[in-house]
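What follows is a set of notes on a single structure, which appears directly below.
The values are calculated or read from the model by the stated rules, or taken from the named source; none is laboratory data. Predicted, not measured: the structure shown is a model, and the values here were computed from it. Protein only, heavy atoms only, side chains kept; ligands, DNA and RNA dropped before computing areas. Shrake-Rupley method; radii C 1.70, N 1.55, O 1.52, S 1.80 Å.
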Amino acid sequence: QVQLVESGGGLVQAGGSLRLSCAASGRTFRSYVVGWFRQAPGKERDFVATISWNGVITYYADSVKGRFTISRDNAKNTVYLQMNSLKPEDTAVYYCAAKYGSTSNLGYDYDYWGQGTQVTVSS
């Protein structure tokens with residue numbers, strides 16, 4: 001069992017930066033793939049980024065590629081999402097999720113989810 005808690009969301013102006021954290025409980029967290037997803041009001045949940053258990057493999061949605069960076073510190077049981085050059089269209093609730101096995105951009109592949117953190121980008 002893994003419990004995930006996101007933090008770091010907030011209100012930022014367009015062009016600004018935020019760093020989200022996903023803190024996990026459980027000694028086996030280092031074995032899990034972690035993904036970030038987001039959901040804007042009235043829209044479906046979208047894939048943002050994912051990282052393999054060892055941090056070697058990362059994938060990004062085209063909409064955030066070059067602006068967002070996913071990373072992890074297994075010693076701290078934490079995954080990060082550094083978000084730069086933020087745009088109003090990045091406004092959403094951001095969720096981290098965990099799964100065993102290979103990386104995936106599909107939400108239904110993930111077994112554990114956090115409660116989400118709100119990111120609001122003003123124009």
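Yes or no, residue by residue, for (1) open to solvent by 20 Å² or more (accessible area, probe 1.4 Å); (2) farther than 20 Å from ASP109 by Cα; (3) over 14 Å from the mean Cα position of the chain (by Cα):
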residue	(1), (2), (3)
GLY15	yes, yes, yes
LEU18	yes, yes, no
CYS22	no, no, no
GLN39	yes, no, no
ILE57	yes, no, yes
ARG67	yes, yes, no
LYS76	yes, yes, yes
Do you know which of the residues in the stretch 80-102 that are among the polar types (S, T, N, Q) and over 13 Å from the mean Cα position of the chain (by Cα) is most open to solvent (accessible area, probe 1.4 Å)?
SER102
Pick from the stretch 17-36, criterion of a type in the set (A, V, I, L, M, F, W, C) and farther than 14 Å from SER7 by Cα, ranking: modelled with the lowest pLDDT:
PHE29
